[in-house]
2 protein chains.
Amino acid sequence: MGKGEVTRQAILERATALASRCGLEGVSIGHLAEDLGLSKSGLFAHFGSKEALQVEILRFAADRFVQAVVRPALAEPRGEPRVRAIFERWLGWSRSHSVPGGCLFVAAASELDDRPGPARNELVRLQKEWMDSIAICFRSGISEGHFRADADPEQFAHDLYSVMLGYHHAQRLLRDPAADFRARASMEALLAAARRRGPSRAAPRRRPVRPRSAPRQRRTA
Amino acid sequence: MGKGEVTRQAILERATALASRCGLEGVSIGHLAEDLGLSKSGLFAHFGSKEALQVEILRFAADRFVQAVVRPALAEPRGEPRVRAIFERWLGWSRSHSVPGGCLFVAAASELDDRPGPARNELVRLQKEWMDSIAICFRSGISEGHFRADADPEQFAHDLYSVMLGYHHAQRLLRDPAADFRARASMEALLAAARRRGPSRAAPRRRPVRPRSAPRQRRTA
DNA sequence: TCTAGAATAGCACGATCGTTCGTTTTGTCA
DNA sequence: TGACAAAACGAACGATCGTGCTATTCTAGA
């Protein structure tokens, strides 16, 4: 790894941490350069534009997320254990030193949701990929017999994501000391409903008509 | 209402709409003034500082929220009907013309969660108040016999908020056409669990120890 | 209608932003 | 070791930001 690449990684590491607290737009080239003891122009040259830097931050954070959450979870047995591992590792990620301001993707989501551009596109791509991965894990939980056969994996992925968003809200904004407890209680209810018979959460199509989601691409994370 | 107050309301209306798309920090005095055909300094004089403007935006949006969601829901019968009304009106609010970029509070939450100051304080106050209101509505659903006596109202409030956060994520970022369907399915599962016997979502203290939340103040909205 | 005060406009300030350009330093490989 | 390229620097740019000051316009009450 050449010297440029080393510097680049250091920049992205610091930038990711900063973005989790101040948002992607809040990461200014000047502050970032000063923090790292670099010149503004020297740092800038690594990316060519602030927009490109933002995209690289998202990719860097996604790499870290895979290392911290996805990879360890894949070491767990298929089905419910793996789903639980995802949840616990995900909680840990939100408190990790990589993102001192809480999960970067949560912050970026509401920041980019009305700002078209490459950064938004990358974020959407990553999020859909992640939701698909969760659904796949849940689906293998069905074939393992851990979950009801008629449970809806996409709904489960959506609900799990909602639980994490609620956790972030309680933890980062409200500073609620019960945030962990709340999130775990929600998760247990989710899993219980996925096991139980009868209509409940993660249930199949109970409403007459529902709009189709955009077709999900099943690409490797 | 004097002329100054009329202008002030017009400013806040436009500012609230803008903030829902660009965030509180994204509302610049210059753009706002230009949009309204005012001078920058003339607009500025109404608030004295950008920080004060942000606080006023939050209060204005909260007023609108009460008018659009809380007040109509209070017209419904206590218990489950009122809880359902809250949910449906809340969904509607997220799509209302008052906040074209989606619920302002969701956007502000991740923007302010690591930025101390008056705006953050006001947002936290409003959010805690709202969570308390939800819990109170749920509690009256218990006394009406709609929900299990051992259900946890605070957990329900947290879970309902999570559902709304998930809806916002699916709707605003992913542009998922099934966002409404997902949110309603989650809500139905929440209500089902609140009715059903046995351990499940909105369940009482099942874990040995849980940290106490900050004491909630029960003030009028 | 006259006037005091509120409301608004105009202008300029210092700071910070992303970005460009030319130069200098540094690392790498023949 | 020497040469070439990569990397980092320094200074400056135009734009935009929030904010302060003074002058002007408007409005409401006597």
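Observations
- Between B:ILE136 and B:LEU74, the contour length at 0.36 nm per residue exceeds the Cα-Cα span by 21.1 nm.
- Hypothetical label at B:GLU34: residues of the stretch B:1-15 whose amide nitrogen lies under 20 Å (7 Å Cα-Cβ projection): B:11-15
- Interface area, A with B, accessible, probe 1.4 Å, both sides summed, Å² nearest 100: 4900 Å²
- When a 1.4 Å probe is rolled over the protein heavy atoms, the share of accessible surface on the stretch A:77-194 that falls to carbon and sulfur comes to 54 percent.
- Take each residue of peptide B:17-23, count the partner chain Cβ atoms within 10 Å of its Cβ, and average: the result is 2.
- Copies compared at B:ARG84 - label distances in nm, ascending, label defined 7 Å from Cα in the Cβ direction: 3.6
- Normalised contact order of chain A, rounded percent, pairs of Cα under 8 Å and 6 or more residues apart: 19 percent
- For A:VAL99, no residue has an amide H sitting under 5 Å from its own, ignoring neighbours fewer than 5 places away on the same chain, with H placed 1.01 Å from N.
- In this structure the protein assembly as shown gives 43 Å² per residue of accessible area when probed at 1.4 Å with all protein chains present.
- Kirkwood hydrodynamic radius (C-alpha pairs) into Stokes-Einstein, chain A, 4 °C and 1.567 mPa s, D in µm²/s: 69 µm²/s
- Rolled with a 1.4 Å probe across the full set of protein chains, the surface gives A:ILE136 an accessible area near 70 Å².
- In nm, spacing of pseudo-spin labels at B:ASP150 and A:ALA149 (7 Å Cα→C-beta vector): 3.3 nm
- The calculated FRET efficiency for the pair A:ARG175 and A:ARG84, based on their C-beta separation and a Förster distance of 25 Å, comes to about 0.45.
- Label spacing, shortest first and in nm, from A:GLY2 to its equivalents in the remaining copies (7 angstrom along Cα→Cβ): 6.6
- Residue-averaged [θ]222 nm for the protein assembly as shown, counting only DSSP H segments that reach four residues, each worth -39500 (n - 2.57): -19500 deg cm²/dmol
- Nm distances between copies for A:PRO116, ranked from closest, using label points 7 Å along Cα→Cβ: 4.1
- Cα gyration tensor shape for the protein assembly as shown, rounded if a/c is under 1.5, else prolate or oblate: oblate
- Net length gained if the chain between A:ARG197 and A:ALA45 were fully extended (0.36 nm per residue, minus Cα distance): 48.9 nm
The values are calculated or read from the model by the stated rules, or taken from the named source; none is laboratory data. All of these numbers come straight from a predicted model, not from anything done at the bench. Neighbour counts run over all protein chains shown; Cβ positions are idealised from the backbone, glycine included. These area figures cover heavy atoms from the full protein model, side chains too; ligands, DNA and RNA do not enter into them. Shrake-Rupley method; radii C 1.70, N 1.55, O 1.52, S 1.80 Å.
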